[in-house]
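Taking it in order: structure first as structure tokens, then the write-up.
The values are calculated or read from the model by the stated rules, or taken from the named source; none is laboratory data. Note that the structure is a prediction, hence the values are computed from the model and not measured. So basically every Cβ, Gly included, is an ideal-geometry build from the backbone, and we count neighbours across all protein chains shown. Each accessible area value is taken on the protein alone, full model and side chains, heavy atoms only, with ligands, DNA and RNA left out. Shrake-Rupley method; radii C 1.70, N 1.55, O 1.52, S 1.80 Å.
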Amino acid sequence: MPPRHHRTVDRVTAILDAVAPVPQGLTLATLADRLDAPKSSIHELVNGLLATGYLIEHEHRISLGPAPFVLTLSGNRLAAQEVDRDLLPRIHEAVECSVLIGIQVGMSLVYIDQIGEEPALEFAARNHSRRSLYGTASGKVILADLPGREMDALLHSASSADRAEVDRFLAELPEIRATGLAYNLGSTIPNVYSVATALRSPDGTLVGAVCAVGREELRESLPDIGRRIQSLLGSRDATPRSAERR
């Protein structure tokens, strides 16, 4: 069954995404404003999330509860724990530009760590905001590694407004699989260019993607930067597992 959005699920995840980055919590009124929704439409959902521990309430402010963390522990899916914490500084020193690590979260890409001085991407990494898989260099690397049916299902779920990005990704897919590198040449943020490659665990399982980012002066150097990152990761054989299975 291909993934597709569901109105109630989307509203619940929007609530969780809104409160997660705010340690002091949000009032119900503020939460409703951020979601551009009437308080009455989210009140019952908030109550249900409070009852199950996904949210907690203190002094009329709503915060993220312990349940999401417990789920992650139970499933042993703490992707960030699989990342060598010294990895980003080593890559940053070698390529001399901003570097990010991104992982797949559902149908989106989320940056979980960042080093460098690119303000827009620092904000994205710090707030763990969801970004397009097929419209970002990191997301393209992750998509290219998926088994064919999973990748096709994700692409099929794209909205009509995103078809141009999907078509661009499909045109780039053979080269991504041949080199293990994917690019974003200013299509997300004007004059910001990036190259990404796969980040794998020791057994070869995809953990996420490492992405180097720079301005116009680095554009011509992106392939070399990508190869340097692959060398540091010990991933000269860049063939995705999904390509091997085809």
| remark: Expected vector for segment 137-148, Karplus 3J(HN,Hα) from phi with 6.51, -1.76, 1.60 and θ = phi - 60°, integer Hz, x for Gly and Pro, equals 4, 5, x, 4, 4, 5, 4, 5, 8, 6, x, x
| message | Modelling each spin label as a point 7 Å along the Cα-to-Cβ direction, I'd like the residue 45/residue 5 distance in nm, to one decimal. | response | 1.2 nm
| note | Per the rule of 0.36 nm per residue minus the C-alpha distance, extending residue 217 to residue 152 adds in nm 19.9 nm
| query | In what sequence, highest mean first, do 161-174, 200-213 appear when ranked by Cβ atoms within 10 angstrom? | reply | 200-213, 161-174
| remark: Computed over segment 1-53, protein heavy atoms only, probe 1.4 angstrom, the accessible area per residue in square angstrom equals 64 Å²
| remark: To the nearest 0.05, the calculated FRET efficiency linking residue 117 and residue 22 through their beta-carbon distance, R0 being 35 Å, is 0.90
| field | Order by protection proxy (mean Cβ within 10 Å, highest first), peptides 18-26, 109-117 | value | 109-117, 18-26
| note | Given a Förster distance of 30 Å, the FRET efficiency implied by the Cβ-Cβ spacing of residue 178 and residue 93, rounded to the nearest 0.05, works out to 0.60
